[in-house]
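Below is one structure, written out as structure tokens, with a few remarks after it.
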Amino acid sequence: MKILVIEDEKKIASFIRKGLEGQGFIVDVSHHGDEGYILATTRPYDALVLDIMLPGKDGLSILRGLRDRKMNVPVILLTARGELNERLQGLNLGADDYLTKPFYLEELIARLQAVTRRASGTPLSLLEVEDLTLNLLTREVKRGPRKIELTAREFALLEQLMRSPGRVFTRMQICEQVWNYDFDPGSNLVDVYVQRLRKKVDGDEPVKLIETIRGVGYRIKGRA
Ligand code: CA
């Protein structure tokens, strides 16, 4: 699989390159939006990893340019925490998925595999676990027909769990993903949020989806 990475932060770009090459991907890297756009439009790639803030053409302009030209190469956006508008705009423009920095390499590889497996042009904006659905584009969460209102952090937490059904996340992993800053490992912040989320998601439902793995962390029901 041939991947183009357009990312101006050289450290991140080289971390991605090394990691993907280690997994057998062929990787081109560009640190500039204009150059990246030329590569993306003139060479065949199986997927693009695209940063949003770039010198020259920014990530969203590159994405728009590709989709205007009817180029359906799968695109994963790299976004910073807080770039919610850009993220939504990106999904609307036809990005297939996004990752929030910082991220684990395994996460990027899983997303790349998912987007390249799918028929191009059909973004995976809906996550599903049993009768629970989470729409990344509209940010609508439903359990069956019941709508669930979530805060931004609760949404991020649920998204993390639903992206990997059955996988157990430690409190630290949840914290890194959802809060993304140093926190006191002794704090019960994650537990408090999980309890709140559980109330909203599982509440009176006969089937409970959010599970506690004692001494380890949390997961959402599903195959591991
Ligand atoms: Ca950047």
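Helix 59-68 and the long axis of the chain differ in direction by around 70°, with both axes built from C-alpha atoms. Per-residue Karplus couplings for segment 206-211, computed as 6.51 cos²θ - 1.76 cosθ + 1.60 with θ equal to phi - 60°, are listed in order as x, 9, 8, 9, 8, 10 Hz, Gly and Pro entered as x. For the pair TYR104 and ARG167 in one chain, pulling the backbone fully straight at 0.36 nm per residue adds 21.2 nm over the alpha carbon distance. For the chain, a Gaussian network of Cα nodes joined below 10 Å ranks SER125, SER187, SER30 by mean-square fluctuation, and the top entry is SER187.
By DSSP, what percent of the beta bridges with both residues in the chain are antiparallel, rounded to the nearest 5? Antiparallel: roughly 50 percent of the beta bridges in the chain.
If you take all C-alpha pairs in segment 72-117, what percent of them are over 13 Å apart? The answer is 52 percent, as a whole percent. Based on the alpha-carbon gyration tensor of segment 70-154 and its eigenvalue square roots a ≥ b ≥ c, which shape applies: rounded if a/c is under 1.5, prolate if not and a/b is larger than b/c, or oblate? Prolate, because a/c is 1.5 or more and a/b exceeds b/c.
Here's the picture: charge each Lys and Arg Cβ at +1 and each Asp and Glu Cβ at -1 in segment 1-45, and of TYR37, SER14, MET1 the one pushed furthest to the positive end of that dipole is MET1.
One way to sum up the overall shape of the chain is the equivalent ellipsoid from its Cα gyration tensor, whose semi-axes run 32, 19, 16 Å, largest first. Ranked by how many other Cβ atoms sit within 10 Å of their own Cβ, fewest first, the residues GLU128, GLU86 fall in the order GLU128, GLU86. A Förster distance of 30 Å, applied to the separation of the beta-carbon atoms of THR151 and PHE15, puts the FRET efficiency at 0.45. To the nearest ten degrees, helix 84-93 and the longest principal axis of the Cα atoms of the chain are 60 degrees apart. Once Rh is set to the Kirkwood radius over Cα pairs, what Stokes-Einstein translational diffusion coefficient, in µm²/s, holds for segment 25-127 at a temperature of 20 °C and a viscosity of 1.002 mPa s? D, rounded to a whole number, is 157 µm²/s.
Throughout, read-outs are computed from the coordinates displayed, never taken from laboratory work. All figures in this text were calculated on a predicted structure; none of them were measured in a lab. Every residue, glycine as well, gets a Cβ built from its backbone with ideal geometry; the counts of neighbours run over all protein chains shown.
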